[in-house]
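Engineer: Just passing along the structure, written as structure tokens.
The values are calculated or read from the model by the stated rules, or taken from the named source; none is laboratory data. The structure displayed is predicted, hence computed values, not measured ones. No Cβ is skipped: glycine too gets one built from the backbone with ideal geometry, and neighbour counts run over all protein chains shown.
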Amino acid sequence: MRVGDLDMDLLARTVERGGQEVDLQPREFLLLEYLMRNAGHVVTRTMLLEHVWDYHFDPQTNVIDVHISRLRQKIDKGFAKPLLHTIRGSGYCLKAPD
């Protein structure tokens, strides 16, 4: 899968951005995979809890915030244009820069 210069190989379970390998923990990989499958669309916290953590209720936890922050550090830090965007009051969106 590809979004902008971010590439994910599902079989090899590898991720690269701009040709540089990105080392992800298993849950970060699942989170990024879900975001990439829904690239260009807003993904809500509830959607992430259900599809990545398999929770069907909101446990009022900051687990999503922590993982999004770590993922953002790994895929956006050092690049001129971020791919992972927070949509206030809605959720998150992974999209290629214009």
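Engineer: Quickly run through the range 52-98 and pick out the residues that are surrounded by 14 or more Cβ atoms within 10 Å (Cβ to Cβ), assigned to a loop (DSSP other than H, G, I, E, B) and modelled with pLDDT under 95.
Structural biologist: Across the range 52-98, the qualifying residues are Val52, Trp53, Tyr55, Phe79.
Engineer: Still on this structure, please answer the following. Scan (1) farther than 17 Å from Met1 by Cα; (2) over 12 Å from the mean Cα position of the chain (by Cα) for the single condition Val52 breaks and write down its number.
Structural biologist: (2)
Let's see how each residue does on (1) among the hydrophobic types (A, V, I, L, M, F, W, C); (2) touching a residue at least 12 places away in the same chain (Cβ under 8 Å):
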position: Asp23; (1), (2): no, yes
position: Phe29; (1), (2): yes, yes
position: Leu35; (1), (2): yes, yes
position: Asn38; (1), (2): no, yes
position: His41; (1), (2): no, yes
position: Thr61; (1), (2): no, no
position: Asp65; (1), (2): no, no
position: Lys74; (1), (2): no, yes
position: Phe79; (1), (2): yes, yes
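Engineer: Residues in the range 19-28: is at least one at pLDDT 95 or above, of a type in the set (D, E, K, R) and not in a helix (DSSP H, G or I)?
Structural biologist: There is at least one residue in the range 19-28 that is at pLDDT 95 or above, of a type in the set (D, E, K, R) and not in a helix (DSSP H, G or I).
Engineer: Same structure, new question: Restricting attention to the range 34-49, and to residues there that are within 18 Å of Val66 (Cβ to Cβ) and part of a helix (DSSP H, G or I), which single residue is farthest from the chain's Cα centre (by Cα)?
Structural biologist: Only one residue fits best here, namely Thr46.
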